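The values are calculated or read from the model by the stated rules, or taken from the named source; none is laboratory data. These numbers come from a predicted model, not from an experiment. Note that each Cβ is placed from the backbone with ideal geometry, even for glycine, and that neighbours are counted across all protein chains shown. Heavy atoms of the whole protein, side chains included, go into the accessibility calculation; ligands, DNA and RNA do not. Shrake-Rupley method; radii C 1.70, N 1.55, O 1.52, S 1.80 Å.
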Amino acid sequence: MVTLDVRPQLLDALSALRDRVAAARFPLPLAGAARARANRDELLAQLDDYLVPRLRDPEAPLLAVVGGSTGAGKSTLVNSLVGRRVSEAGVLRPTTRTPVLVCHPEDHHWFSGMRVLPDLTRVWVPHHQDPADDLLLPGEDPARVLRVETADTLPPGLALLDAPDIDSLVSDNRVLAAELINAADIWIMVTTAARYADAVPWHMLRTAKEYDVSLVTVLDRVPHQVVSEVSRQYGALLTKAGLGHVPRFTVPELPESAWGGGLLPATAVAALRTWLVHQTLDPAARQHVMARTAYGVLDSLNARLPELAGAAAAQYAAALRLTAAIESAYDNEHSRVRGRLQAGAVLAGDALKRWRAFPLDCTPGELLDTLVESLSALLLCAVAAADERVDDAWRREPAADAPELAARAAAPESAEHRIGLAVRRWRRELEEYAEDEVRELDRGPAPDPEMVAALVATVLLGGRRARTAGEGLAERIGAHGALRLRDRGGRLLVEHVDRVMHAERERRLAPLDALEVHAEPQPELIAALSVLQKER
Amino acid sequence: MTAATDQDHTEHPERPEHPERPEHPERPEHPERPERSDHDAEGSPRGDVSPWDDGLIARRVNGSTGEEQYRVTEPRASTPQKVTPLTYGPQLGSRLDALRELVGQSRARLDNRTLAQAGRVLDEAAARRGLSGQHTVVALAGATGSGKSQLFNALAGVPISETGVRRPTTAAPIACSWSDGAASLIERLGIPPRLRRRPLQATADADERLRGLVLVDLPDHDSAAVQHREQVDRVLGLVDAVIWVVDPEKYADAMLHERYLRPMAAHAEVMFVVLNQIDRLPGDAAEQVLDDLRRLLDEDGIVLGEYGEPGTAVLALSALTGDGVGELREALGRFVAERGAPARRISADVDIAAARLRPVYATRRRTGLSEEAREEFSDRLADAVGATAAGEAAERAWLRNANRACGTPWLRLWRWCQERGEPSTGRVALRGQTDEEVTARQRVEQAVRTVADRASAGLPVPWAQAVREAAVRGSQGLPEALDELAVRAGLPPGRPPRPGWWPVAVFAQVSMTALQFVGGLWLLGQIIGVMAPNLGVPVLLMVIGIVGGPLIEWSCRMAARGPARRYGLEAERRLREAAAGCGRARVLDPVAAELLRYREVREQYGRVVGVGTGGS
């Protein structure tokens, strides 16, 4: 028999693991991401709501959560077990919207604090008030509230929790129900004669089996004539599912169960009540029940954490693919821009026409203007082409549908603006260089610095086509000066082009980086799990 | 569903056999009348036995014991029966045609997965059209244990379908036809002959109104047996109408509402929702539950057929006690007699298919290539070939030449001298170079990209893609074409035009120079003493010549501005128009054609939706 006592190392390992789980993010909409998110939340809830508090305080009361489908009579069952109307029951579905926890008055302190289910706001209902009244504060989210009731009829050390439907139409209720059931020491699964073959409760039973928790099933609302037949068939189904050992209780259908307000006669739920009381009062049985669920959940981590780690790895791989698409597109375009600069593609169109007319019919300023314009057109075209390639590549990636990535802040106009700014800055610096060069010249009449700047820009951007510009430059400022100016201007050009392409690439990468998908969560999760396994 | 379609295709050659099949429309010797009439619980005297132990529950249990022994298989027809095929109304017919054309037109643009559902609807509509229009196939669907089979038996008047406490009970669909000629219809549902039944003779005769009804009892949709759900999904796609049977315990199940009712909200007119087992509810609880059910259905988006409006009828009944079954029978009778269910179902299917296709066809924005976008494209291409610069260069060159022609000879001489001393740049040396890549490639690329973006803005994704592809395809070879064109259309052919005043100006300039010479010679003559001394006239002549020369040059320059500008503009315009024409032919026209194709498809989609104009 496994026993349960406080073990600080285990708790430490567990809280480390909890932090790792809480840190795991799955922002990219991959095939398994939604599932992974749900698994993470569930696991986190189970650690916070059940495992950590239970291992910390083994002497806390047992919590039995009553779960099941709509209309299975969960509230009626809880009311009957308590012997008083604590949870509203009725014919309209879904009935229970606010979960109700019932415990012995002495145990109240265990549940009024935030020891278990810290996410739920506690509501205290005085006895004399009708529980059906709407007691919620106006601002309160009705789904995130837990009502704590006390009843002397329950033995100390046992608490019952009436959960919402596991298949409720309200999806928040479904999530809440799953969360509450995960917080239980004893899972009480309620189903009915009409429902025992439904798919939804069976999902839950299979989950219970997977976690190897202390499970009880109640077959509710069974017409008494068919008790034996239905019970036998249900038993057969359970045995087939490998749950034959699970205690089964049958509650007959009574008029009281149909008209929900009533309580079932004590005899109808006596067997279940006796079983629960036995689990509570007999120390050995209590230990067993508690340890079984706790260790069952601990064991289930062995399968669940690697799954989460796998999903985290898939996220990272997808993020890498997206990043690689951006980087390769921009790198490609970058090298294309370099190639075109060398080929003199900037000196084409307007710029070429100006250059042909230079200097007779065109001033150096005009030539510089068109060259600058042409250079920004080249860069803008490269950036737009890179973006297009990225979009093409991303269209094949499901992960690229993340809303953060889809809403691209960078409008093409602003790219044009940024590139124009950078190119104009290059022009200014080039003009300064030309002025420097002209000033250093000690020869007779100093050439016009603007003319020199225009010529050197043409040389840098015109490739082979601008050979004569080089000659003209050499004539004006001497071969040595021309060479020096060309070198400096060329370095300046490369630097500016690189900076523009780099900046645009970073802009494109920014939303992806903002998602913070890293490689670390996967190894960290596995490491936390192995530490935990060592502590067991 | 595809399996069913396949069956349907194989069935067609068999259809001629049907008339030869012997069939008894009268069915004189109906096999096995029910020996225990208290089986159908209607009017059972035990209903008022009071306490819970043998009241509603006991009856429910007893109802389940008599199974099996009652097998009413469909008899073979004796007389050749005539199947009147179904006809769709003109509106539905045209919508189906429009959908067919739409699918055909879109094949090249959309992937098969997107069109699959529309194709299925068309297949089903065609298959249903080939079958009897006199019959209405109604399925009974619901959760386990909600009493589908019990209601089925209550409607048929005989315990045909097995009922029981064992969950799930019914494993395969069972059909029951109230009149003949429905064999091929039931065949289409994939129900084997051993599961086809006839209602109790007496009930059928009494229920002449239900003539034409084919009732199908389905397995449950929510049990752990997955193959049941598959059966249900398959048959629900083929029947004309559905009766959803819910019970007080399960009426709010998420499975029912989220998986079935919400997606089928468009089928509201061919749905009934029946709250069974109201005998389990005490007092006025039945009314409350019914109201709650109505609320839930309303939240699902299902139009409720209240006050005689078309929509889903919501009824409360108890198949066990027979409460409310009569009303259902009456509603069903009216429904079947209308014979409109198959068409309405197909119409709803078309609605759903159209709604599913909406994102790939409809758009909220105005689409098309605006005049500004076309202008902008032309401007960008003109920039790429350098039209503005070329025009300005031509203008300045012309002006320069004009100045040179009308300038004073002295000025020209000075300029010539100065030019000799200047280092030669660009212009002269470039003359000899071959013109390669005159057009700015990056500007052409950017222009095409921009115009494609403008044209595809607001289009659904596949069509935007098609527009972009058309633009890119057209832009291949565009820069080369523009290169060639820039050479061809660069400058106006022939010598630049000269204005009429030109010879006068040149003559005036020459005469001014002549005046200077004459004045000068005159003065020289006086100095040498050949001429009589007269200082006034020759000095005046020289002054006129010296002042007049630059004056004429200046006024010529002013006067030449206009023609130069015209000449430059002409050069620019020629290049610009040539480039724009090239761009239009290669890029804008294919893009416009693609947009037109989209517009046609959208109009077609509008016809499918039933709006007519297709504006959305």
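Compute the helix-to-body angle for A:171-182: its Cα long axis versus the longest principal axis of chain A, expressed 0 to 90° and rounded to tens.
Long axis of A:171-182 versus the principal axis of chain A: about 60 degrees.
Considering the Cα trace of segment A:169-281, what is its radius of gyration and what is Dmax, both in angstroms?
According to the Cα coordinates of segment A:169-281, Rg and Dmax are 14.4, 38 Å.
Please report, in whole Å, how far the alpha carbons of segment B:553-616 spread along each principal axis, starting with the longest.
76, 22, 9
Once both axes come from the Cα atoms, what is the angle between helix A:364-395 and the longest principal axis of chain A, in degrees from 0 to 90, rounded to 10?
30
Express the relative contact order of segment B:277-413 as a whole percentage, based on alpha carbon pairs under 8 Å and six or more residues apart in sequence.
Details: 45 pairs, mean separation 16.6, N = 137.
About 12 percent, as a whole number.
Give the percent of DSSP beta bridges with both residues in segment B:60-360 that are antiparallel, rounded to the nearest 5.
If I count the DSSP bridges inside segment B:60-360, around 20 percent turn out antiparallel.
Accessible area per residue of chain A at 1.4 Å probe, in Å²? All intermediate terms of the calculation are to be shown ahead of the outcome.
Numbers: 21660 Å² over 536 residues.
Using a 1.4 Å probe on heavy atoms only, each residue of chain A averages 40 Å².
So how much slack lies between residue B:573 and residue B:112, counting 0.36 nm per residue of separation and subtracting their Cα-Cα distance, in nm?
Full-extension gain reported as 161.1 nm.
Per residue, how big is the convex hull of segment A:344-515 when only Cα atoms are used? Give it in Å³.
Numbers: hull volume 19.3 nm³, N = 172.
It is 112 Å³ per residue.
Sort B:398, B:522 by heavy-atom solvent-accessible area, probe 1.4 angstrom, most to least.
Order by accessible area, largest first: B:522, B:398.
So how tilted is helix A:521-535 from the main axis of chain A? Cα-based, degrees 0 to 90, rounded to 10.
So the inclination is approximately 40 degrees.
Return, ordered by residue number, the residues of segment B:538-565 whose backbone nitrogen is under 19 Å from a label point located 7 Å along Cα→Cβ of residue B:531.
B:538-549
May I have the extent of the alpha carbons of chain A along their three principal axes, as whole Å values ordered from largest to smallest?
120, 47, 45
Could I have the simple spin-label model distance between residue A:41 and residue B:331, label points 7 Å from Cα toward Cβ, reported in nm to one decimal?
A separation of 3.7 nm, rounded to one decimal place.
If I model a spin label at residue B:476 and residue A:299 as a point 7 Å from the Cα along the Cα→Cβ vector, what separation in nanometres do I get?
With each label placed 7 Å out from Cα toward Cβ, I get 6.4 nm.
Relative to the isolated chain, which residues of segment A:337-355 have their accessible area cut by 30 Å² or more in the presence of all protein chains (1.4 Å probe, heavy atoms, no ligands or nucleic acids)?
Residues passing the criterion (a loss of at least 30 Å², heavy atoms only) are A:340, A:348, A:349, A:350, A:353, A:354, A:355.
Heavy atoms only, probe 1.4 angstrom, no DNA, RNA or ligands counted: give me B:87, A:121, A:217 ranked by accessible area, highest first.
Largest accessible area first, the residues go B:87, A:121, A:217.
Across 10 Å bins from 0, what is the distribution of all Cα-Cα pair distances for segment A:17-92, in whole percents?
Result, from short to long distances: 15, 28, 27, 23, 6, 0 percent.
Using a 1.4 Å probe on the protein chains only, how many percent of the accessible area of segment A:144-201 belongs to carbon and sulfur?
Of the solvent-accessible surface of segment A:144-201, carbon and sulfur hold 59 percent.
From the gyration tensor of the Cα coordinates in segment B:60-360, what semi-axes in whole Å does the equivalent ellipsoid have, largest first, with each one equal to sqrt(5λ)? Mind showing how you got there, number by number?
Values: eigenvalues 186, 114, 64 Å².
Three semi-axes, in Å: 30, 24, 18.
Heavy atoms of the protein only, probe of 1.4 Å, neighbouring chains included. What is the accessible area of residue B:502 in Å², nearest 10?
20
Report the FRET efficiency, 1/(1 + (r/R0)^6), for residue B:401 and residue A:22, where r is their Cβ-Cβ distance and R0 is 60 Å, rounded to 0.05.
Using R0 = 60 Å, I get an efficiency of 0.15.
Lysines within cross-link reach of residue A:209: Cα-Cα under 23 Å, excluding same-chain residues under 8 positions apart?
A:74, A:240
Over the alpha-carbon set of segment B:196-330, divide Rg by the Kirkwood Rh and report the Rg/Rh ratio to two decimals.
0.96
Calculate, for residue A:321 and residue B:304, the FRET efficiency according to 1/(1 + (r/R0)^6) with r their C-beta to C-beta distance and R0 41 Å; round to the nearest 0.05.
For residue A:321 and residue B:304, the calculated efficiency is 0.25.
So which lysines can residue B:148 reach, going by Cα to Cα under 18 Å and dropping same-chain residues fewer than 8 places off?
B:250
Under a crude label model (7 Å from the Cα following the beta-carbon direction), how far is residue A:428 from residue A:281 in nanometres?
Distance between the two pseudo-spin positions: 9.0 nm.
Given a 1.4 Å probe and no ligands, DNA or RNA in the count, how much accessible surface is buried by B and A, both sides, to the nearest 100 Å²?
Accessible area lost upon association: around 6000 Å².
On a full-extension model of 0.36 nm per residue, what is the gain between residue A:514 and residue A:56, subtracting their alpha-carbon distance, rounded to one decimal in nm?
Taking residue A:514 through residue A:56 to full extension adds about 161.1 nm, to one decimal.
Of the accessible area of segment A:344-515, with the probe set at 1.4 angstrom, what percent is carbon plus sulfur?
52
What FRET efficiency, computed as 1/(1 + (r/R0)^6) with R0 = 56 Å and r the Cβ-Cβ distance, is obtained for residue A:392 and residue B:514, rounded to the nearest 0.05? It would help to have the intermediate numbers written out before the result.
Values: r = 75 Å, r/R0 = 1.34.
Using R0 = 56 Å, I get an efficiency of 0.15.
For chain A, calculate the relative contact order in percent as a whole number, restricting contacts to Cα pairs under 8 Å that are 6 or more residues apart.
Relative CO of chain A lands at 18 percent.
Using only Cα atoms, figure out Rg for segment B:457-543 and give it as a multiple of 2.2 N^0.38 Å.
2.78
Kirkwood hydrodynamic radius for segment A:297-387: how many Å is it when counted over pairs of different Cα atoms? Don't skip to the end; give the middle numbers.
Numbers: mean 1/r = 0.0589 Å⁻¹.
Averaging 1/r across every pair of different Cα atoms and inverting gives 17.0 Å.
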